[in-house]
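First comes the structure, then the notes that go with it.
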Amino acid sequence: MAKLYYRYGTMQSNKSNQIITTHHQYTTQGKKCLAYSTPVDSRSGYKKIKSRIGLELLCEYMHEGVYEEVETIHEVTRVHAVVVDEAQFLSKTEVHRLSDIADYLDIPVICFGLKTDFRNELFEGSKTLLELSDAIDELKTICQYCNKKATLNLRMMDGQPVNVGETIQIGDEEYVPVCRKCYKDRLDLI
Ligand SMILES: [Zn+2]
């Protein structure tokens, strides 16, 4: 039985690079791998996944009819995997439909995303993925201020840490990966 995977990490934890590499591994073996992202984040360009080190991958945008879409393609050409970037922005329904792809089409679905927002609260997509996934992995990176593992995203505005604003704020320069203690220390300075 195929699995639903969730690989989460903070900002700068190499997620986009890993998703592009995973896709490349399937396609170089002649295996069809479908790539999706969410339309919330347009920094990479229209229907594109872009990594920090310059790799790019064309993708489709996620929608609630994803199960039927993958099923239709799978009937013509076997689909070996589905990869999903920016999975924190998925709706609860979309995550359930992705789990159906693993369960009823027997195709592994590998989702990459953030776990929490800058208030350290779960996104809807992340929460549902943590509840439903068969396998959960953490992609690690280092705290901006010390050498501990980063687990949180600190929001920065004009070089200063902030803890207010909309949940969805896009722009890499506005977030830094930090450990829990540095997160508290920086917000104490406000
Ligand atoms: Zn730290």
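The values are calculated or read from the model by the stated rules, or taken from the named source; none is laboratory data. Quick caveat: nothing in here was measured; it's all calculated off a predicted structure. Note: ideal-geometry Cβ built from the backbone for every residue, glycine included; neighbour counts use all protein chains shown. Accessible surface is based on the protein model in full, side chains and every heavy atom, while ligands, DNA and RNA are left aside. Shrake-Rupley method; radii C 1.70, N 1.55, O 1.52, S 1.80 Å.
Of the listed residues His24, His63, the order by accessible area with a 1.4 Å probe, largest first, is His24, His63.
Over the range 4-141, accessible surface divided per residue gives 47 Å², non-protein components excluded, 1.4 Å probe. Only aspartates and glutamates eight or more places from Lys181 in sequence, or on another chain, were considered; those with a Cα closer than 20 Å are Asp117, Glu121, Glu138. When the residues Phe112, Phe89 are ordered by accessible surface, computed with a 1.4 Å probe over the protein chains alone, the sequence from largest down reads Phe89, Phe112. Longest stretch of the chain clear of exposed loop sites (GluC sites (Glu not before Pro), DSSP loop, at most 14 other Cβ atoms within 10 Å, sites excluded): 1-63. Bridgeable aspartates and glutamates around Lys48 (alpha carbons under 18 Å apart, same-chain partners fewer than 8 residues away excluded): Glu56, Glu60, Asp85, Glu86, Asp172. The 3J(HN,Hα) values that the Karplus relation (6.51, -1.76, 1.60; θ = phi - 60°) gives for the range 138-153 are, in residue order, 9, 8, 9, 8, 9, 4, 4, 9, 9, 10, 6, 5, 7, 10, 10, 10 Hz. Gly and Pro appear as x.
Under 27 Å of direct C-alpha separation, and excluding same-chain neighbours fewer than eight residues apart, Lys184 reaches these lysines: Lys15, Lys115, Lys127, Lys140, Lys148, Lys149. The charge dipole of the chain, taken about its Cα centre with unit charges on the Cβ of Lys, Arg, Asp and Glu (plus for the first two, minus for the last two), comes to roughly 840 debye. Here the range 4-141 exposes an accessible surface that is 46 percent carbon and sulfur, computed with a 1.4 Å probe and the other protein chains kept in place.
Taking the DSSP bridge list for the chain and keeping only pairs wholly inside it, about 40 percent are antiparallel. Shape class for the range 1-140, computed from the alpha carbon gyration tensor (a ≥ b ≥ c): oblate, with a/c not under 1.5 and a/b at or below b/c. When Ile53, Ile19, Ile73 are compared by accessible area at a 1.4 angstrom probe, the order from most to least is Ile53, Ile73, Ile19.
Against the main long axis of the alpha-carbon atoms of the chain, helix 15-28 sits at an angle near 20°. Exposure check, 1.4 Å probe, all protein chains in place: Arg52 carries approximately 150 Å² of accessible surface.
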